[in-house]
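Any read-out appearing in this document is the output of simple, stated calculations on the displayed coordinates, not a laboratory observation. Worth saying up front: this structure is predicted, and the values here are computed from it rather than measured. Because the Cβ atoms are built from the backbone with ideal geometry, glycine has one as well, and the counts that use them run over all protein chains shown.
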Amino acid sequence: MDTLAIIATAWSDLLQPWSMFYLILGVVIGLVFGVLPGLGGTTALALLIPFSIGMTASDAIILMAGVMASTPTSGAVTAILLNTPGTAPNAATTLDGYPLAKQGKAGLAIGAASMASGVGGILGIIFLIAMIPITREIVLMFGPPEFFLLTILGLISVSLSTGAKFLKSLVVGAFGVIVSCVGYHFVTGEIRFSGGLDYLWDGFKLVPAMIGFFAVSEMINLWAKGGSISEGGDMAKVNLKQVLQGCWLPFKHWSVTLRGSAIGTGVGALPGVGGTVAAFMAYTLAVASAKPADRESFGQGNIIGVIAPEASNNAKEGGALVPTLAFGIPGSAEMAVFLSVLVLHGMVPGPTIMTESIDIIWILILATVVSGILASAITILTASSMAKLTFVDSKTLVPVVLAFALIGSYSLNNEFLDVVAALGFGVIGFIFMRLGFPRISFPLALVLAPIMETSYYQTMKIGDGSLGILFDRTPSIVIFACIIGCLLYFLKGFVFDRNVASSANA
Amino acid sequence: MRLFAAMLALGVAFATPAQASFPEKNIEFVIPYGPGGGFDTLTRKMIPFMEEYFAKKGADISVVPVNMPGAGGAKAATYTTRAKPDGHTIQIFNIPGHGVSYITGSDGGFDITRMTWITQVGVDTYVLMTSASGPFKTLDNLINVNRDLKIPEIGPSATSSMANSIVWSTLNKGADFIYGYKSSQEYATAVLRGDGDLTMAVLGSAKRYNKAGDYNVIAHFSEQIDPEFPGALNGAAIGHPDLDAVNLLRVVAGPPGMSPEITNELHAALKYAVEHPELQKWAVETQNNAVSSATPAAADATVMRALNLYKQFSHLFK
């Protein structure tokens with residue numbers, strides 16, 4: 001059967017009533033799990049596995065595609081409204097999304113984020129289709145030296161994205177690295193810094209730490225400050241019109257959307273580091289390519305700062321499927337669960353899946369595209385109602401959000417100590433916030449530090465103790481050049497700004 | 001005397017009413033790793049058939065999979081050890097992975113020898129592979145290279161890592177492990193990329209990874225070499241038949257002190273699940289065709305035999 005006939009068959013399978021039902025169900029579940037702090041795509045997929053066993057393989061995959069394509073879309077909503085990234089890749093969205101919410105422009109930000117997500121998702125899938133013939137070569141190009149350099153690039157990108165607070169951002173990043181050192185060490189088998197607590201054998205978990213550091217600390221701050229999240233703006237203006245204005249912006253700034261999607265699909269294909277690094281790289285590049293006069297507005301509520309990371313982190317979904325399908329190497333916890341769904345339904349991820357199960361792969365591709373569009377449409381239609389949350393008084397909002405956040409922490413593993421951890425990180429996050437330290441580098445450090453440690457160790461072992469291996473391979477040389485470029489850009493800005501300041505003072 | 005025996009029998013009958021109605025509530029099936037791996041997938045595949053078995057016996061209960069990753073599987077095993085031995089908490093174990101503390105004589109937080117073994121649901125033998133595009137085509141090529149062999153692996157307590165240690169120690173060849181890969185698929189891919197020289201994968205995985213012919217299959221450590229790998233050597237062929245006993249067991253157990261009645265009932269449920277035609281069909285399709293269902297006594301004996309074999313090489317794992 002030729003490719004067009006396979007696509008036509010997959011499309012007609014997707015339009016069957018039960019398939020559409022599962023797709024819509026997946027999208028709704030994904031949106032709900034994405035918008036609630038703590039509950040993400042991984043939890044949703046894991047909970048759905050038992051139900052999927054009795055389904056046909058295509059229905060199960062359609063349901064899962066619905067969930068996977070919609071959680072990042074709604075994850076941006078909490079990033080914008082509550083300064084709490086739904087998942088680590090949504091963290092970059094908080095930088096300008098939350099300031100927009102504080103200005104009463106949450107509807108605009110959600111509209112732009114949803115449309116950028118939808119467009120990014122489609123571009124990511126187009127990328128996946130284009131990559132199918134060369135997936136193997138791409139995965140084999142990236143080994144420990146490249147991952148090590150990518151983690152450095154990620155940490156530099158996030159610190160650069162905080163502009164003048166570069167050094168303070170590095171301090172928060174260092175705190176994240178220390179936190180990530182707790183627990184079982186993969187080489188020595190030692191349990192590090194656990195203080196004898198069984199709970200810390202596997203280190204601090206990402207979700208309670210993120211919920212605490214962002215949602216809980218934000219709510220403590222809001223409670224202390226009083227009033228509502230929105231410090232300006234008019235609630236009457238938060239309507240569908242404002243959201244639709246936001247929807248137009250990813251097209252107005254089409255080069256930002258395209259660049260963000262390209263970074264998301266390319267970097268997103270790399271297991272582990274992909275999505276988070278890609279979002280921050282897209283953000284940093286958006287700042288770097290803005291007109292000098294506009295750069296100051298980043299971090300204060302520039303809509304481009306929402307479009308770039310959101311286009312990137314939805315485009316990564318297509319990229320992340322590349323190693324999952326072609327090698328059975330899941331790029332994230334979510335992909336690991338999806339992998340088990342494939343195996344449970346008799347599919348064997350690996351080099352031959354593209355030939356043996358190509359019909360199912362096309363159903364997955366089409367379901368992901370349709371789900372992404374549907375998720376964006378639902379988010380856009382409900383955005384104005386959700387945006388009104390930013391006008392709710394803290395006395396009402398704080399208890400409700402805190403309750404959801406702490407339930408979210410608990411429900412992930414039914415573990416009470418996760419709630420304690422979330423509260424502890426909430427207090428630490430609040431202190432950082434009050435001292436003027438940008439918290440944004442914390443999640444990235446938490447995600448990247450273990451990968452950095454592992455890939456550094458592996459690089460040294462592969463290179464017989466010499467870092468020369470970093471300059472032996474083309475991909476690592478390209479990434480190294482990007483790191484140098486980022487640092488030069490920072491130094492140029494630093495020197496230029498000082499000169500401008502000196503001339504102004506003279 | 002007869003009166004005493006009758007009273008004793010009566011006493012036993014009164015003492016075990018709860019066991020007669022087992023299971024009374026949902027059964028927690030602990031998986032010592034995160035969702036998505038081989039242990040997780042096999043457990044989740046067995047669960048619906050276990051529920052079907054109990055439903056046929058009139059018990060409308062659920063078997064709930066609980067992923068409990070952490071500390072190389074020790075966290076889950078400690079949890080299961082501390083659970084009430086009433087049959088409502090069971091776990092799938094990795095042998096020798098969960099036996100590292102017994103093998104090395106260290107304190108792992110639980111005693112593997114005290115678990116109540118219910119049945120064995122899988123046994124996997126190891127296959128030694130190198131990259132088809134690399135320089136190592138035979139076992140002699142590997143042994144004669146003038147340096148230690150570089151072997152990408154998950155970590156020192158991973159079962160494949162232990163198998164590698166035993167094989168290369170037996171063959172008097174140095175092994176330099178590169179730890180930190182997340183799964184066997186990842187370290188097998190690392191060999192294709194050139195991170196290391198060879199990979200040791202269980203039979204089902206080896207067949208999956210080698211579907212596109214990317215690897216040289218050098219050895220299959222099993223008494224019977226799989227027909228798919230006709231050119232492979234085994235332990236006997238290279239003069240070390242003991243290497244053919246180095247394998248990976250998937251065994252289900254409950255906490256120490258579970259009663260024989262409950263153990264037998266769980267064994268029957270797992271046997272029903274493992275032998276179910278649908279599960280067997282899936283096992284063949286996905287190359288997980290190593291499922292079996294030993295009796296509790298046989299499972300116990302198999303586990304101890306495997307642990308004691310690894311104990312002979314305990315110096316390698318310290």
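Assorted remarks:
- Beta bridges per DSSP with both ends in the stretch B:125-245, % antiparallel, nearest 5: 65 percent
- Ordering B:98, B:220, A:345 from the fewest to the most neighbouring beta carbons within 10 Å gives A:345, B:220, B:98.
- Within straight-line cross-link reach of residue B:311, lysines at Cα separation under 25 Å, skipping those fewer than 8 residues along the same chain: B:75, B:150, B:173
- Put a plus charge on the Cβ of each Lys and Arg, a minus charge on the Cβ of each Asp and Glu, and nothing anywhere else: the dipole of the stretch B:125-245 about its Cα centre is then about 300 debye.
- Other residues within the sphere of radius under 10 Å centred on the Cβ of residue A:68, judged by their own Cβ, net out at -2 (K and R +1, D and E -1).
- Packing-based ranking of B:154-163, B:237-246, A:302-311 yields A:302-311, B:154-163, B:237-246, ordered from highest to lowest mean Cβ neighbour count within 10 Å.
- Across the cross-link table entries A:225/A:492; A:105/A:252; B:25/B:207; A:102/A:291; A:168/A:291; A:205/A:252, which are compared at the Cα atoms, the separations over 28 Å belong to A:225/A:492; B:25/B:207; A:205/A:252.
- Total formal charge among the other residues, if their Cβ is under 15 angstrom from that of residue A:275, Lys/Arg +1 and Asp/Glu -1: -2
- The ranking of B:114, A:439, A:136 from fewest to most other beta carbons within 10 Å of each one's beta carbon is B:114, A:136, A:439.
- Of all DSSP beta bridges confined to chain B, the antiparallel ones make up roughly 65%.
- Estimated inter-spin distance, residue A:129 and residue A:197, nm [label 7 Å along Cα→Cβ]: 5.0 nm
- In this entry, chain B is assigned a mean projected area of 18.2 nm², taken as a quarter of its C-alpha convex hull surface.
- Partners for residue A:461 among aspartates and glutamates (Cα-Cα distance below 19 Å; same-chain residues under 8 apart left out): A:146, A:453, A:472, B:148, B:153, B:176, B:186, B:195, B:197
- Rounded to 5, percent antiparallel among DSSP beta bridges of the protein assembly as shown: 65 percent
- For the protein assembly as shown, the mean residue ellipticity at 222 nm estimated from helices alone is -19500 deg cm²/dmol, where every DSSP H run of n ≥ 4 contributes -39500 (n - 2.57) and the total is divided by all residues, rounded to the nearest 500.
- Alpha carbon centroid spacing (whole Å) that separates the stretch B:202-268 from the stretch A:170-202: 34 Å
- Sorted by Cβ density within 10 Å, fewest first, the residues B:214, B:40: B:214, B:40
- Per residue of peptide B:184-193, the mean number of Cβ atoms on other chains within 10 Å of the residue Cβ is 5.
- Radius, Kirkwood style, for the protein assembly as shown when every pair of distinct Cα atoms is counted (Å): 28.0 Å
- Between residue B:304 and residue A:167, the modelled labels are 6.7 nm apart [label points 7 Å from Cα along Cα→Cβ].
- Using the Stokes-Einstein relation with a Kirkwood hydrodynamic radius computed over Cα pairs, the translational diffusion coefficient of the stretch B:43-129 at 4 °C and a viscosity of 1.567 mPa s comes to 87 µm²/s.
- Charge tally in the Cβ shell below 13 Å around residue B:236, where Lys, Arg are +1 and Asp, Glu are -1, residue B:236 excluded: -3
- Between residue A:18 and residue B:60, the simple spin-label model (points 7 angstrom out along Cα→Cβ) gives 2.4 nm.
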